Amino acid sequence: MERENQFVGQSGAFLDTVERASRAAGLSRPVLVIGERGTGKELIAERLHRLSTRWDEPLVTLNCAALPETLIEAELFGHEAGAFTGATRARAGRFEEADRGTLFLDELATLSMAAQERLLRAIEYGEVTRIGASRPIRVDVRIVAATNENLPDLADKGRFRADLLDRLSFEVITLPPLREREGDVDVLVDYFGRRMAAELAWNSWPGFADHVRQQFEEYAWPGNVRELRNVVERAVYRWDNWEEPIAHAVFDPFDSPWAPKGSVGNMVGAKPASSSEPSAQRETASLSYEAISDLKAAVDAHEKAILEHSLGKHRWNQRKAAKSLGLTYDQLRHCLKKHDITKTS
C-alpha cells in the first residue's frame, strides 16, 4: 500500500492539532504524540521534522514494539564488535544515525524500564554509549515519541518512569479520533476514493451511493483514518461498474460464511455457527434505541437500509438479494416500491 504522507481534513479539532504541531516544530524540544491507532501519529512526527531547522538532516524511526527487549538497547544505542553473541562487527545505533536530526520513537510505552533509564540519560546529557564500549559519544538529537497508551497512568502504576515522562512532555499533541472529526469522514472518503479510481484508470469517479455514505458517517471507525482508507479502497476496487455509484462497502474483510469458527466450532459434534443469520438480526445490535421517538419511522428506515445494503452487495441483482433476505422476488419488489428504492438511489 502506498504510504499516505499528507493530512486531509477540515474539522476544527483536526486543524487545531495540525496547527499545534506546526508551532512546536521550530523548537528543538521533545514532543509526545498521543493518539489511537490509525490517527496519523507518524505524520505528525514527519511534520515536526520537516518544519524544523533540522529538515535537511535525518529523520530516523524506530518502532519500539517491533524488537524484543534483548535487542532494543543495541538498536537504540549501538554496539561494539563482540559485545554479545552475534555481534560480529560494530554498529551505530539509531541515536547516532539521527545525529543533528530527529529520532521518532513509536510505541514508546513498550520500552523496558532498563531501556527507559538509558533513554533518559541520553536525552539529559546528549551522550550515548554503545553496548560494549567504554566511552560515550556526543549526539544532537531531537526526540519525538508516540504512543496510544495513557503514560501518566502508567507512571502512577510504576510501569513508566515519571522522570522520563517529565523530560519528554515539553509539548504533548493528542490527535482526535476520526469519530470526533466532524465532517472529515466525507472529505476522506472522496479523497481516498478518487485516488483509488485513478489508480484503477477509471474514466470517471462515480462516488458512493447515499446509503453507503450514511454507513460511513455512522460507523465508529476504531481503526481511524487507516481503517477508513482500507474500507474505501476495497469498495472501489471491488466495484466493477465505474459508471454507477458504488453501492456496497465491506467493513470487515474477514467476514465470510467460510471463515474459521475457532476451536469450539471445530470440536467433534459441535454445532457450527450459522452463516445464514439474518442480517437484520445482526444489524439490530448496533441500533441506538434511546434515540428512537417514532417506532414506525425507525423500523422503515432500518428496513430500507437492509434492502439497500443487500442490493449493493449483490450488484443490484434483485433475485439474489431477495434470496439472501429470505424473500420472494415479488416480495422484494413490493419492498422496493414501498421505500421508493431505485438503482440510482
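Here is a list of conditions, (1) without any contact (Cβ under 8 Å) to a residue 60 or more places away in the chain; (2) assigned by TED's automatic domain parsing to the domain that holds Leu27, and Glu171 meets all of them except one; can you say which number that is?
Unmet for Glu171, out of (1) without any contact (Cβ under 8 Å) to a residue 60 or more places away in the chain; (2) assigned by TED's automatic domain parsing to the domain that holds Leu27: (1).
Each row is one residue, and each column tells you yes or no for (1) assigned to a helix (DSSP H, G or I); (2) over 17 Å from the mean Cα position of the chain (by Cα); (3) crowded, with 17+ Cβ neighbours inside 10 Å; (4) of a type in the set (Asp, Glu).
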| residue | (1), (2), (3), (4) |
| --- | --- |
| Gln6 | no, no, no, no |
| Asp16 | yes, yes, no, yes |
| Arg20 | yes, yes, no, no |
| Arg23 | yes, yes, no, no |
| Arg29 | no, yes, no, no |
| Val33 | no, no, yes, no |
| Glu42 | yes, no, yes, yes |
| Leu48 | yes, yes, yes, no |
| Thr53 | no, yes, no, no |
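Restricting the search to segment 290-323, which residues are assigned to a helix (DSSP H, G or I) and in contact (Cβ under 8 Å) with a residue 24 or more places away in the chain? Walk me through how you get there before you give the answer.
First, pick out the residues of segment 290-323 that are assigned to a helix (DSSP H, G or I): 290-291, 295-313, 318-323.
Across segment 290-323, the qualifying residues are Asp300, Glu303, Lys304, Ala305, Ile306, Leu307, Glu308, His309, Ser310, Leu311, Gly312, Lys313.
State yes or no: is Arg194 of a type outside the set (Phe, Trp, Tyr), in a helix (DSSP H, G or I), closer than 30 Å to Pro30 by Cα and over 14 Å from the mean Cα position of the chain (by Cα)?
Values: of a type outside the set (Phe, Trp, Tyr): yes; in a helix (DSSP H, G or I): yes; closer than 30 Å to Pro30 by Cα: no; over 14 Å from the mean Cα position of the chain (by Cα): yes.
When the stated conditions are applied, Arg194 does not pass them.
Kindly list the number of the only condition in (1) at pLDDT below 95; (2) surrounded by 17 or more Cβ atoms within 10 Å (Cβ to Cβ); (3) closer than 21 Å to Ala146 by Cβ that fails for Gly78.
Condition (3) is where Gly78 drops out.
On the given criteria, is Tyr237 assigned by TED's automatic domain parsing to the domain that holds Trp316, loosely packed, with under 15 Cβ neighbours inside 10 Å and among the hydroxyl-bearing types (Ser, Thr, Tyr)? Don't jump to the end; show me each part of the working.
On the way: assigned by TED's automatic domain parsing to the domain that holds Trp316: yes; loosely packed, with under 15 Cβ neighbours inside 10 Å: yes; among the hydroxyl-bearing types (Ser, Thr, Tyr): yes.
For Tyr237, the condition - assigned by TED's automatic domain parsing to the domain that holds Trp316, loosely packed, with under 15 Cβ neighbours inside 10 Å and among the hydroxyl-bearing types (Ser, Thr, Tyr) - is met.
Among the residues in segment 28-36, are any hydrophobic (A, V, I, L, M, F, W, C) and free of Cβ contacts under 8 Å to residues at least 12 places away in the same chain?
No, segment 28-36 has no match at all.
Is it true that some residue in segment 174-186 is buried (at least 16 other Cβ atoms within 10 Å of the Cβ) and free of Cβ contacts under 8 Å to residues at least 40 places away in the same chain?
Taking every residue of segment 174-186 in turn, none turns out to be buried (at least 16 other Cβ atoms within 10 Å of the Cβ) and free of Cβ contacts under 8 Å to residues at least 40 places away in the same chain.
Do we find that Leu164 is in the same structural domain as Glu117 (by TED's automatic domain parsing) and in a helix (DSSP H, G or I) in this structure? Working first, answer last.
On the way: in the same structural domain as Glu117 (by TED's automatic domain parsing): yes; in a helix (DSSP H, G or I): yes.
So Leu164 passes the test.
Return the residues of segment 124-153 that are in contact with a Leu (Cβ under 9 Å, 6 or more places away or on another chain), surrounded by 15 or more Cβ atoms within 10 Å (Cβ to Cβ) and not in a loop (DSSP other than H, G, I, E, B); say none if nothing qualifies.
Correct list: Val128, Arg142, Ile143, Val144, Ala145, Ala146, Thr147, Leu151.
(1) surrounded by fewer than 14 Cβ atoms within 10 Å (Cβ to Cβ); (2) among the small types (Gly, Ala, Ser); (3) over 30 Å from Arg234 (Cβ atoms): which one isn't true of Ser169, the others all being true?
If we test Ser169 against (1) surrounded by fewer than 14 Cβ atoms within 10 Å (Cβ to Cβ); (2) among the small types (Gly, Ala, Ser); (3) over 30 Å from Arg234 (Cβ atoms), just (1) comes out false.
From the list Leu151, Leu119, Leu111, which one is within 25 Å of Leu43 (Cβ to Cβ) and touching a residue at least 60 places away in the same chain (Cβ under 8 Å)?
Working: Leu119 fails: touching a residue at least 60 places away in the same chain (Cβ under 8 Å); Leu111 fails: touching a residue at least 60 places away in the same chain (Cβ under 8 Å).
Among Leu151, Leu119, Leu111, only Leu151 is within 25 Å of Leu43 (Cβ to Cβ) and touching a residue at least 60 places away in the same chain (Cβ under 8 Å).
So in segment 324-335, with the set limited to residues that are outside any helix (DSSP H, G or I) and crowded, with 16+ Cβ neighbours inside 10 Å, which one is modelled with the lowest pLDDT?
In the first step, residues of segment 324-335 are kept if they are outside any helix (DSSP H, G or I); the result is 325-328.
Then drop every residue that is not crowded, with 16+ Cβ neighbours inside 10 Å, which leaves 325, 327.
On the way: Leu325: 84, Leu327: 80.
Only one residue fits best here, namely Leu327.
Among what's in segment 68-99 and is assigned to a loop (DSSP other than H, G, I, E, B) and within 15 Å of Glu127 (Cβ to Cβ), pick the residue that is nearest to the chain's Cα centre (by Cα). Walk me through how you get there before you give the answer.
Within segment 68-99, the first condition is being assigned to a loop (DSSP other than H, G, I, E, B), and the residues that meet it are 68, 78, 80-90, 92-93, 98-99.
From what's left, within 15 Å of Glu127 (Cβ to Cβ): 78, 92-93, 98-99.
Values: Gly78: 31, Ala92: 32, Gly93: 29, Ala98: 26, Asp99: 30 Å.
Top of the filtered list is Ala98.
The values are calculated or read from the model by the stated rules, or taken from the named source; none is laboratory data. Quantities reported herein were computed from a predicted structural model and do not represent experimental measurements. Heads up, the Cβs are rebuilt from the backbone with ideal geometry, glycines too, and the neighbour counts pull from every protein chain shown.
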